[in-house]
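Take a look at the structure below.
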Amino acid sequence: MIDKKLLRKLEAELNNCVPTDEHLNQDGLSGFFYALAITPAIIDPADWMAELFFGERPQLTGKQSKDLKNAVTAVVKASNKALLKNELKFPYDFSALDDAGFDRLWYWSSGFLQGLRLRLAFWKSGIIVKETNQASDVVSNSVDIIIALVEGDLSVLKNIDQLKSQLQLTGREPTDELLMATLLQTLPEAYECIRLFAAQMSERLLARQVAESV
């Protein structure tokens, strides 16, 4: 897990730049930097700083820019350190979440999705499926689960009919509300699938770099 004190510091610096509804909150920042950290290839800050402001980077004073850069750098270092220590586990326990907790989970998922979209082609590449001749791309499907939950759009799911059939077999009417609730329970598994895929690709990238340097 990323140090919450550093996330709060970053949120405070963002508050000093723009109104609170014009930037990611603490939970959104956590999700965003989770995604940034697990992405195998380094992403230049110039490609993502505006994402902290929902894509609309404002004009800042010299002091604002400096303070924001320092706070961002601290969070990036902390998230990379957590990654190396294998601490970037799914940060929520569903059994302990109240309504406010589910709101925080949505913000985290939204921030995480923003981070994934920086390299969406990679997450949707189907590398493992092509290598193993699997019928379904579990990584791409996991990304779709997060998109569906964040955007409230079940149409992005390729296996929506299968999910409806499973609910019907248990005697339950597959309403959108029930489908979303069922999907929500799969979120930790979807995150773990994405994280493990990223770790595998990171190992391949490192091995390739070592081989090229010999």
Helix 138-151 vs. the chain, principal-axis angle (Cα, 0 to 90°, nearest 10): 70
222 nm mean residue ellipticity, helices alone, for the chain (DSSP H n ≥ 4; -39,500 (n - 2.57); rounded to 500): -20500 deg cm²/dmol
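When the dipole is taken about the Cα centre of the stretch 1-118, and only Lys, Arg (+1) and Asp, Glu (-1) are charged at their Cβ, what size is it in debye, to the nearest 20?
580
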For q = 0.13, 0.14, 0.16 Å⁻¹, Debye-computed log10 I/I(0) when each Cα of the stretch 1-118 counts as one equal scatterer: -0.47, -0.55, -0.72
The chain: angle of helix 26-38 to the longest principal axis, Cα-based, in degrees nearest 10: 80
Protection-proxy order for peptides 81-87, 66-72, each taking the mean of Cβ atoms within 10 Å per residue, highest first: 66-72, 81-87
Helix axis angle, 62-84 relative to the chain longest principal axis, alpha carbon, degrees: 50
Shape metrics for the stretch 121-214, restricted to C-alpha atoms - Rg then Dmax, Å: 16.6, 61
Size of the chain as Cα extents on the principal axes (Å, biggest first): 60, 52, 29
Phi-based couplings in Hz for the stretch 205-210 (Karplus 6.51, -1.76, 1.60; Gly and Pro marked x): 4, 5, 4, 5, 5, 5
Percent of Cα-Cα distances greater than 16 Å, calculated over the stretch 55-144: 74
Distance from the stretch 54-75 to the stretch 111-152 (C-alpha centre basis), Å: 30
Size of electric dipole in the stretch 121-214: Cβ of Lys, Arg +1 and of Asp, Glu -1, about Cα centre, debye, nearest 20: 300
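Bear in mind these aren't lab numbers, they're just calculated from the coordinates by the rules spelled out. What you see is a predicted model; the values in this text were computed from it and never measured. Methodologically, a virtual Cβ is constructed for each residue, glycine included, from the backbone with ideal geometry; neighbour enumeration extends over all protein chains shown.
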